[in-house]
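Here is the structure we will look at.
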Amino acid sequence: MTEFRHPTKGYVFVVTYGRSGSTLLQNLLNTLPDCLVRGENNNALFPLYRSWRSLTNSPDIDRMRAAHDTSGPSHPWFGAEMIDTDSYARSLCKSFARHVLRPPPHIRLCGFKEIRTIRPKAEFMGFLQFMNSYFPKAHFVFNTRNHADVVRSSWWRQHDPEEVRQMMAAAERVFADFAKANPERSVCLHYDDYIRDHTLFEPLFDLLDARPPPERMQAVLGTHLSHST
């Protein structure tokens, strides 16, 4: 089997909540040269993050590694001092890219969009930092939309409007905090703004150092998505 290599321009992740216009962004990003952005994957990466975190957040493992202990077969944490959490995380992300994203060899920029990344703030931030650390040249596109329109859209109508608004506000605080801490890796976009003024996509294209052919961009922006009501 051919050895997998990360795309040379890195990765791009669209991070948002449902009904925010993320599929439009997915379509638009796929018009960029040698770019492949997959759709949702049921947040399959998140359990991998938790697996890594369970190792890095263990006082027992930390204590054994700090003391340079060499445990034997009778030790309840036998071998824990040998765990290489950094290599483990890199292997997890590389395997995810290889077997889930599956970019063809010519692709130079790859990623996915996901709407299921909403967690308590500390865990959500930790997850984003994990992605930022272990996917080479990671880029993050945070997408938001007018709350009133989201609440009225599709399946959100079945939920308590105030709970939906609180979810979006909490998510947007994480988006803003992460982008502020990682400005060279992040861009924040707002659906209601860029749908009216397409020049507001320029920060996204600058971040990725790539621009779509104008005719393809106009075709995407002029297409009605079947799930958009």
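The values are calculated or read from the model by the stated rules, or taken from the named source; none is laboratory data. These figures come from a predicted structure and were not determined experimentally. In this analysis, Cβ positions are derived from the backbone assuming ideal geometry, glycine residues included, and neighbour counts consider all displayed protein chains.
Odds and ends about this structure:
- Selection from the stretch 73-128 of residues that are in contact with a strand residue (DSSP E or B) (Cβ under 6 Å, 6 or more places away or on another chain) and modelled with pLDDT of 95 or more: Leu101, Pro103, Ile107, Leu109, Cys110, Gly111, Phe112, Lys113
Results for (1) crowded, with 19+ Cβ neighbours inside 10 Å; (2) within 30 Å of Pro161 (Cβ to Cβ); (3) charged (D, E, K, R), shown as yes or no for each residue.
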position: Thr2; (1), (2), (3): no, no, no
position: Val12; (1), (2), (3): yes, no, no
position: Asn41; (1), (2), (3): no, yes, no
position: Tyr49; (1), (2), (3): yes, no, no
position: Asn57; (1), (2), (3): no, no, no
position: Ala80; (1), (2), (3): no, no, no
position: Ile83; (1), (2), (3): no, no, no
position: Cys93; (1), (2), (3): yes, no, no
position: Cys110; (1), (2), (3): yes, no, no
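- For the stretch 180-190, the condition holds for at least one residue, the condition being that it is more than 26 Å from Ile107 (Cα to Cα), loosely packed, with under 12 Cβ neighbours inside 10 Å, at pLDDT 95 or above and of a type in the set (Lys, Arg).
- Test for Phe205: is it among the aromatic types (Phe, Trp, Tyr), surrounded by 15 or more Cβ atoms within 10 Å (Cβ to Cβ), under 22 Å from Val12 (Cβ atoms) and within 13 Å of the chain's Cα centre (by Cα): no
- Residue match in the stretch 130-145 (condition: surrounded by fewer than 17 Cβ atoms within 10 Å (Cβ to Cβ), under 19 Å from Gly18 (Cα atoms) and of a type outside the set (Lys, Arg)): no
- Unique residue being under 30 Å from Phe4 (Cα atoms) and more than 22 Å from the chain's Cα centre (by Cα) when the list is Pro161, Pro213, Pro183, Pro136: Pro213
- Pair list, Cβ < 8 Å and 6+ apart or interchain, from the stretch 102-117 residues that are closer than 10 Å to Thr8 by Cα to residues that are acidic (Asp, Glu) and modelled with pLDDT of 95 or more: His106/Asp34; Ile107/Asp34; Arg108/Asp34; Leu109/Asp34
- Members of the stretch 129-174 found to be touching a strand residue (DSSP E or B) at 6+ places or on another chain (Cβ under 7 Å) and among the β-branched types (Val, Ile, Thr), listed by number: Val141, Thr144
- Of the helices (runs of 4 or more DSSP H) lying entirely inside the stretch 138-206, none contains at least 2 residues that are at positive phi and touching a Cys at 6+ places or on another chain (Cβ under 8 Å).
- If you go through the stretch 124-137 and keep only what is in a helix (DSSP H, G or I), touching a residue at least 60 places away in the same chain (Cβ under 8 Å) and touching a Lys or Arg at 6+ places or on another chain (Cβ under 9 Å), you end up with Gly126, Phe127, Phe130.
- Of all the residues in the stretch 54-97, those that are over 30 Å from Asn41 (Cβ atoms), small (Gly, Ala, Ser) and in a helix (DSSP H, G or I) number 2.
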